[in-house]
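Reviewing the structure listed below.
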Amino acid sequence: MKSEEVRGRDISRPMDHIELDGVEYPIAFDMASMRVAEDVYELQYGRNLNFADIVRHLMAGKIGAIMAILYGALLSGAKNSGGEPMTWAAFADSFRLTSIPYIRDKLMKNVTEALPKAEGSETNPQ
C-alpha cells in the first residue's frame, strides 16, 4: 500500500462504522456485541468458545473471529441507533475484509477498550 493512500486517516480513531456493499452501518463494541460473537461461534461455526478465546483467535488473525466480533458490533450498533438488524447470512455475503483499513489493529483496540477492568488492578498480572 502506498503511503499517500492512507495520508490523513486517523487509524487510532475508535471504529464506529463498517461499510458493506457500499453502505455504511453503525457499529458499537459493548458486552452485548461480545455475547453475540460467542453465539456466532456456536451457531455458525459449531464451536462453543468464550469471548476470551475468540479474542485469542482475533490476535492470530482468524477471519472467523473478525467476522464474529464485527457482526456482534453491527447488531449493537443497529440497536443503539434504532436501525434494523442485519442477518448473519446478509452480513456474511457482503463482508469484505479489504474494505476496512487496518481492521485487525482497530478491532483489538476496540475490544480491549470494551473489556471491563479487573477489580483492584489496573494492569494484567501476567
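Values for this structure:
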{"quantity": "For peptides 34-43, 52-61, 69-78, 109-118, sequence by mean Cβ density within 10 Å, most packed first", "calculated": "69-78, 34-43, 52-61, 109-118"}
{"quantity": "Other-chain or far-sequence residues with amide H under 5 Å of HIS17's (modelled H)", "calculated": "ILE27"}
{"quantity": "Intensity falloff of segment 19-113 expressed as log10 I(q)/I(0), Debye formula with alpha-carbon point scatterers, at q = 0.11, 0.13 Å⁻¹", "calculated": "-0.27, -0.38"}
{"quantity": "Listed residue (SER81, ALA92, ALA60) projecting farthest to the positive dipole end of segment 19-113, Cβ model", "calculated": "ALA60"}
{"quantity": "Summed residue charge, Cβ within 10 Å of GLY72's Cβ, Lys/Arg positive, Asp/Glu negative", "calculated": "-2"}
{"quantity": "Inter-label distance, nm, simple model (7 Å from Cα along the C-beta direction), VAL23/ASN50", "calculated": "3.7 nm"}
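Since every read-out is calculated from the coordinates, none of them should be taken as a lab result. Please read these numbers as outputs of a predicted model, since none were measured by experiment. Heads up, the Cβs are rebuilt from the backbone with ideal geometry, glycines too, and the neighbour counts pull from every protein chain shown.
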